[in-house]
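Notes follow once the structure below has been shown.
The values are calculated or read from the model by the stated rules, or taken from the named source; none is laboratory data. Keep in mind that what you see is a predicted model, and the values were worked out from it rather than measured. Quick reminder, even Gly has a Cβ in these numbers, built from the backbone with ideal geometry, and neighbours come from all protein chains shown. Only protein heavy atoms, including side chains, enter the accessible area calculation; ligands, DNA and RNA are left aside. Shrake-Rupley method; radii C 1.70, N 1.55, O 1.52, S 1.80 Å.
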Amino acid sequence: MKSKLLKTEKEPYVATTDSCKQCAPLGACLAFKGVEGSVPFLHGSQGCATYMRRYVISHFREPVDIASSSLGEKHAIYGGGPNLKLGLKNVMAKYHCGVIGVATTCLTETIGDDTPRLVKEFRDEFADELECHGNPSIVNVSTPSYAGSHVDGFHSAVRAIVDQLASNVPAMENTVNLLPGFVSPADIRYLKEIVHDFGLNPVVLPDISETLDGPAASEYEKVPSGGTPVASIKGMGTALSSIEFGRCLANSMGAANVLEDRFNVRSRRLGTPIGLRETDIFMDALKEITCRTIPIKYELERGRLVDSYVDGHKYISGKKAVIYGDPDMVVALTSFLTEIGIRPVLCATGAKSQLFKTAIKTVTEEILDESPEVLDNVDFYDIEETAEELKPDVLLGSSKGYKLSRKWNIPLVRLGFPIHDRFGAQRICQLGYKGTQDLFDMIVNAVIQAKQDRSPIGYTYI
Amino acid sequence: MRSWTRWKKATPPSPISWHEIIRKVPAMTNTIFAERKDQVHRKGEEPFQMACDKESLAGAVSQRACVFCGSRVVLYPITDALHLVHGPIGCAVYTWDIRGALSSGPELHRHSYSTDLQESDVIFGGEDKLYRALTQLIDRISPKAAFVYSTCIVGIIGDDLAGICRKVEREKGIPVIPVESEGFKGNKRAGYNAACRAMFQLVGTAPTDDISPLSVNILGDFNLAGEIWIVREYLERMGVQVVANITGDGRVDDLRRAHGAALNLVQCSGSTIDLAKMMEDEYQIPFLRVSYFGVEDMAESLYNIAEFFKDVDPQVMERTKALVRDELSELYPKLREYRQALEGKKAAIYVGGAFKAFSLVKAFRHLGMTVELVGSQTGTEEDYKELHEITDPGTIIVDDSNPLELSSFLQEKDVDIFVGGVKERPIAYKLGVGFCDHNHERKEALEGFIGMLNFAKEVYSTVMSPVWRFTPRKKALYSKALETDVCHEIKAIEN
Ligand code: SF4
Ligand code: SF4
């Protein structure tokens, strides 16, 4: 059931109009893309895999192969086991992959295929073949879309990877596990740099920095290079600590929680580091783990960021923003907007999230007197209806809000997923001091440009 | 501080690292699955025989979509209907506003409506939710008709889609039509058929007054980038009335009186031929296969239409000839410039329906280019036979391909451009090959005479771009050229 809409007593809408979420297996595929040598595999009909590939490709502009067990009518009746096994065999033979990430779909969940059992059977029945292909790991995760959105699918997959692969076989020393959630390849590159500069070896899971933003190639790579090495995942149980981003992630869903329970690796749950306050907390965690001070490079980045906050604050002061997208990204952006003097008036997510509201409150209450409107499990129709009355000055979120931005003639700062109508989504860096800096410049400029465009005077000096 | 890459190298490898595996087994298998051998043909090597219309092979990463996708793309451009997807959210999300099918009026089709089934609906059935969603939406947006699409799990949980549709139709007084598009019940073509059956329910339900004896329905054009408007303008100049656009910039009311037209023009035969056949059986309306892509096909199509109507109006052929003459005299000089630059370049084609492939082969010939690879997701045996006839020896013909095959063909044939859809684009770009989007997402009109010019521009803009020389695959070639003789050699390669 939809959340109750602002100040309206009418019956909630039954249908979802212009969804603000994607389906669970898509999230799982994205997570699997971040493991070295892995091929995501959907157990279900062909259509789902093809659709998701197209959707993901349009955002990252990279080849994204997602295999499918391609069930037909008879499999839907007699069970998809044989096709799943045939598919796994074929993927193994053609891709020579190190990992196959099997996610279920609505269809196979509904017909009741016991995928973990089928995978186990496959391992037994095809032991020889597995051996000859270098024993690829097969990770499986249950992702019926009717039980959660792409956000849940993503986290379930990360958790499944850790649950099924992590051990305490050391891979290297001084590691810290970093579970950033669904962030951009550029973000991941920067996060690794930060952790590294603290003298630590980061194990980032998933690491899509190369697999979904690779260089031009002279030969087609069947499975793109990059991704978290399986050996490193196996060593996650020996890390000094785990840092997992996501204020909206329930403990029962956290991959770091698995590592803590099983291997006693301390889990540090932080907000996604956008803005000064959330990044400070991230830096503090690294300081604590290493007993080192923050490297001068980041002191400087921080200093410049504060300086720019001051330089730019007047342009944006009191502007009203509507933010929509994945819960943790919305929370992080809200935290950031709050500290630069933009007023978040509506924070919305298509996912169902019980922690969303509390998280928004936590990151805003220190500065804001009035809490923004917070809605989860909504679609763009709900967002439009609610936001219309709030008269926002700027929108932050995926491409899918463009129609609203056009209708209200206000700027849309494209962030999150999917970005289908702009170029370079994979290179947007919005985390840490540097990412926040880029974001800040982008937002200030969007507001300035809107004013400039609407002005009868062609200012060339602002 | 150790750099990240160096650190990565220092990582102790797992018992057998993935890279080692790759190195060990590269030659063990080639790129084509044994099961798919008969779906790939090289012209000239053996007598022509090709299998198609098979279910996609599990694990082969087919570029195909599902039954639902087939129905959805065909019906999607009907602009004043409600399109409600009954199923979990994904199926609706991935088809939201994905085609550049333009409308000259209503834009209901550009929204995505879904019943967004939840766990309890899957357990207890989704009929009640469907009923409430439908009635509420019809009240809210007042569509002219509603299409209700079935998806995979609806086929499994057994909701009585037709029953609910009938009930709502009675209550709301608009046509409410179930589309039997459960994803797993075949491939995209089955979806085309389901869409045709759905549309056929509308045909014949409204009066056919004021329809000229020189009249047609346009089937199988989806008004991507406004293409149907180009075709309509030609028909208008010929004096032919268009009754219904099926389905680009389509209207429910036009469909309802489509049986009043004298002739059905069928492009993209795969998607709408079934409707044309149903109309032929039921209303004795003949159909003509046409294509609006490329100079020859466009002109031939118009002539065939004129031929059909010449007894009704003896002047129609004259008007058509004049039209083609005017268009060509404007087009050819412009086209010539592109041809000069593109002569001898090599192309690869992989598209959804085979009809487009025919026209593309001819269009490339017009630009002086050769076609090295041509394939489709859903071609029929006759389609592939025809392709075999119109292509040159050595050309690879392929059915229901996948990224591994396509990439190996692109490399083998060292092509300059790959024509396909979004899923094919990154394969081309990764390998430093030019690309032209000939699919749903294109924003440039490629049909009509003007479309040929746009196509030439598209091809030119990618093939002749200076960026390729920097890509790893082409770089070697260019640096060698630079070593020997600078301008001379580069010119030779570029031409
Ligand atoms: S059936 Fe489920 S998994 Fe497949 S596209 Fe639809 S929502 Fe996603
Ligand atoms: S669930 Fe079925 S209908 Fe929906 S996208 Fe997947 S294959 Fe197509």
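So here's what we get for this one:
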| quantity | calculated |
| --- | --- |
| Any hit, segment B:379-398, residues being buried (at least 22 other Cβ atoms within 10 Å of the Cβ) and within 14 Å of chain A (Cβ to nearest Cβ) | no |
| Selection count where residues are more than 11 Å from the chain's Cα centre (by Cα) and crowded, with 23+ Cβ neighbours inside 10 Å, scope segment A:177-186 | 2 |
| Single residue of segment A:45-54 satisfying the filter (open to solvent by less than 10 Å² (accessible area, probe 1.4 Å) and in contact with a Leu (Cβ under 7 Å, 6 or more places away or on another chain)) that is farthest from A:G34 (Cα to Cα) | A:S45 |
| Matching option when the condition is touching a His at 6+ places or on another chain (Cβ under 9 Å), open to solvent by less than 10 Å² (accessible area, probe 1.4 Å) and touching a residue at least 24 places away in the same chain (Cβ under 8 Å), among A:G271, A:G227, A:G246, A:G235 | A:G246 |
| Matching option when the condition is surrounded by fewer than 23 Cβ atoms within 10 Å (Cβ to Cβ), out of contact with any strand residue (DSSP E or B) (no Cβ under 9 Å at 6 or more places or on another chain), among the charged types (D, E, K, R) and closer than 22 Å to B:G421 by Cβ, among B:D209, B:D274, B:D297 | B:D297 |
| Helices (runs of 4 or more DSSP H) fully within segment B:141-200 counting 3 or more residues that are touching a residue at least 60 places away in the same chain (Cβ under 8 Å) and within 16 Å of ligand 1 (Cβ to nearest atom) | B:152-157 |
| Segment B:307-345, residues that are open to solvent by less than 60 Å² (accessible area, probe 1.4 Å) and under 27 Å from the mean Cα position of the chain (by Cα) | B:V324, B:E327, B:L328, B:L331, B:L335, B:Y338, B:L342, B:G344, B:K345 |
| Filter result (over 19 Å from A:Q22 (Cβ atoms), open to solvent by less than 30 Å² (accessible area, probe 1.4 Å) and part of a helix (DSSP H, G or I)) within segment A:334-371 | A:T334, A:S335, A:F336, A:L337, A:T338, A:I340, A:A359, A:I360, A:V363, A:T364 |
| Filter result (of a type outside the set (K, R), under 23 Å from the mean Cα position of the chain (by Cα) and open to solvent by 40 Å² or more (accessible area, probe 1.4 Å)) within segment A:382-404 | A:Y402 |
| Lone qualifier among B:A145, B:A92 - being away from ligand 2 (no atom under 14 Å from the Cβ), in contact with a strand residue (DSSP E or B) (Cβ under 8 Å, 6 or more places away or on another chain), closer than 25 Å to B:A190 by Cβ and among the small types (G, A, S) | B:A145 |
| Segment B:414-424 - residue that is more than 7 Å from every other protein chain (Cβ to nearest Cβ) and not in a strand (DSSP E or B) and, of those, most open to solvent (accessible area, probe 1.4 Å) | B:D414 |
| Lone unmet requirement of (1) open to solvent by less than 10 Å² (accessible area, probe 1.4 Å); (2) within 14 Å of chain A (Cβ to nearest Cβ) for B:G220 | (2) |
| Criterion: away from ligand 2 (no atom under 16 Å from the Cβ), modelled with pLDDT under 85, under 24 Å from the mean Cα position of the chain (by Cα) and assigned to a helix (DSSP H, G or I) - qualifying residue of B:R23, B:R36, B:R6 | B:R36 |
| Looking only at segment B:428-468, and only at residues there that are under 30 Å from B:S103 (Cβ atoms) and β-branched (V, I, T), the one that is most open to solvent (accessible area, probe 1.4 Å) | B:I450 |
| Elements of type helices (runs of 4 or more DSSP H) contained in segment A:58-169, each with 1 or more residues being of a type in the set (S, T, Y), facing another protein chain (nearest Cβ under 10 Å) and surrounded by 24 or more Cβ atoms within 10 Å (Cβ to Cβ) | A:106-110 |
| Flag if B:S62 is within 14 Å of another protein chain (Cβ to nearest Cβ), within 14 Å of ligand 2 (Cβ to nearest atom) and open to solvent by 10 Å² or more (accessible area, probe 1.4 Å) | no |
